[in-house]
Amino acid sequence: MRLDLNESPHGAGVVFTKRVLELLAAQAWNRYPDVAGDAAREAAAALYGWRASGTLVGNGSNELLAGLARALLPVGGTLARLEPSFSMYPVVAQRQRARQLEVRLDSPEFAADRARLLEAASQADLVLLASPNNPTGGVLPVERIREVTALGKPTVWDGAYLEFAGLDALPLLREFPNLIVLRSLSKAWGLAGLRVGALLASPEMAARVSEQTLPFATGWVALAAYQAATELRETGTALVADIVAERERQLAALRRLSRVGVVPSAGNFFLLRVEGLRGEYLAEALRARGIAVHHAESLSASGHVRVTVGAVAEGDALVAAVREVAGR
């Protein structure tokens, strides 16, 4: 049972799939899409309510993250980020041979200290902030993101899980030309296998990042996915509502178990621990019972593992397995 990759337990459904295939069938597959991906950019902009001139589309938001790091993080420069956070942030920093300023998120609250965050951001060439944060599930107050962005440094709000938190990044985008917001169809729309993501920013900032992406970077699939999502918005809304409800059901059931702790989350995942077990041992115990969860070295000492919210049957199996592990 794969509860380790933050994938959606459901696809986007028959109606959505049919519409994507219809849109793909209408294209000439022997022809390249437009060189700058303008049609896909317009479709993504329509979905997210942003201007097409400030929108880029990539093969997953990771591709856009890599491009913006090349554009905005000088070789040998300084990156400020939360720790623990998304595992790709150290990768892009290392490729730029950048120094990393980490703002620790410590158990049990996993909250970012305001003074430390602002101090790190003030010294950085680029700031990367995931909210909701992966793997902790916490949300940075929008006012805190505003304070960081107001420092004037290029600041990225990684919003891969924004839908699950009900957050709106557009007001800050309108306010700050140095802010970049990353979005994804992988999580809320259950399209991880299609690798479709977007970047929202000022037209000037988007142009800087675009210089670090290749021509013809995205194909017809990205265009079809964003067009279908724009036409069928209620599908994404329903998928998110289903996952949020199941997340809260699982958290409530786990809280009733002795020796078990969970961390409130605004994502499609949450942190889980069993008193007396390090994170790697808990992950091994669950794997022995047929359930894969994500173990991060930075969370081992506090005993936490990250669990993806699965379907109802998977949630029941998880609770049963954790009850068994905790009752040993």
Could you give me the residue pairs with C-beta distances under 7 Å whose first residue belongs to region 302-313 and is outside the structural domain of Leu282 (by TED's automatic domain parsing) and under 9 Å from Pro9 (Cα atoms), whose second residue is modelled with pLDDT of 95 or more and of a type in the set (Ser, Thr, Tyr) wherever it lies, and which are 6+ apart or on separate chains?
-> none
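Taking region 116-163 as the search range and keeping residues that are among the hydroxyl-bearing types (Ser, Thr, Tyr) and within 14 Å of the chain's Cα centre (by Cα), which one is farthest from Arg97 (Cα to Cα)? Can you show your working first?
Taking region 116-163 first, the residues among the hydroxyl-bearing types (Ser, Thr, Tyr) are 122, 131, 136, 149, 155, 161.
Applying the additional criterion that residues be within 14 Å of the chain's Cα centre (by Cα) yields 131, 136, 161.
Details: Ser131: 25, Thr136: 26, Tyr161: 28 Å.
So, considering only residues that are among the hydroxyl-bearing types (Ser, Thr, Tyr) and within 14 Å of the chain's Cα centre (by Cα), the one farthest from Arg97 (Cα to Cα) is Tyr161.
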Can you give me the number of residues within region 285-313 that are in a helix (DSSP H, G or I), under 28 Å from Leu239 (Cβ atoms) and either β-branched (Val, Ile, Thr) or more than 22 Å from the chain's Cα centre (by Cα) (or both)?
-> 4
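From the list Arg183, Arg208, which one is assigned to a helix (DSSP H, G or I) and either surrounded by 18 or more Cβ atoms within 10 Å (Cβ to Cβ) or at pLDDT 95 or above (or both)?
It is Arg208.
Looking for whichever is without any contact (Cβ under 8 Å) to a residue 40 or more places away in the chain and of a type outside the set (Phe, Trp, Tyr) here; the options are Arg81, Arg116. Which one fits? Give the derivation first.
Numbers: Arg81 fails: without any contact (Cβ under 8 Å) to a residue 40 or more places away in the chain.
Exactly one of Arg81, Arg116 is without any contact (Cβ under 8 Å) to a residue 40 or more places away in the chain and of a type outside the set (Phe, Trp, Tyr), namely Arg116.
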Among the candidates Ser53, Ser87, residue that is closer than 29 Å to Gly137 by Cβ, surrounded by fewer than 18 Cβ atoms within 10 Å (Cβ to Cβ) and hydroxyl-bearing (Ser, Thr, Tyr) = Ser87
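Are there any strands (runs of 3 or more DSSP E) wholly within region 94-179 with 1 or more residues that are buried (at least 23 other Cβ atoms within 10 Å of the Cβ), and if so which?
Working: elements: 99-104, 126-130, 155-158.
Passing ranges, in order: 126-130, 155-158.
To keep it simple, each residue is scored yes or no on (1) among the polar types (S, T, N, Q); (2) in the same structural domain as Val148 (by TED's automatic domain parsing); (3) surrounded by fewer than 20 Cβ atoms within 10 Å (Cβ to Cβ).
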| residue | (1), (2), (3) |
| --- | --- |
| Leu21 | no, no, yes |
| Ala40 | no, yes, no |
| Ala46 | no, yes, yes |
| Arg81 | no, yes, no |
Check Arg289, Arg278 and return the single one that is touching a helix residue (DSSP H, G or I) at 6+ places or on another chain (Cβ under 7 Å) and among the basic types (Lys, Arg).
-> Arg289
Out of (1) under 26 Å from Ser131 (Cα atoms); (2) in contact with a strand residue (DSSP E or B) (Cβ under 8 Å, 6 or more places away or on another chain), what's the single condition that is false for Val322?
-> (1)
Search result, residues across region 68-79 that are assigned to a loop (DSSP other than H, G, I, E, B) and either surrounded by fewer than 20 Cβ atoms within 10 Å (Cβ to Cβ) or not hydrophobic (A, V, I, L, M, F, W, C) (or both) = Pro74, Val75, Gly76, Gly77
Considering region 13-67, residues that are assigned to a helix (DSSP H, G or I) and aromatic (Phe, Trp, Tyr), and then whichever is nearest to Ala224 (Cα to Cα), we arrive at Phe16
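The values are calculated or read from the model by the stated rules, or taken from the named source; none is laboratory data. Source: prediction; values computed, not measured. Heads up, the Cβs are rebuilt from the backbone with ideal geometry, glycines too, and the neighbour counts pull from every protein chain shown.
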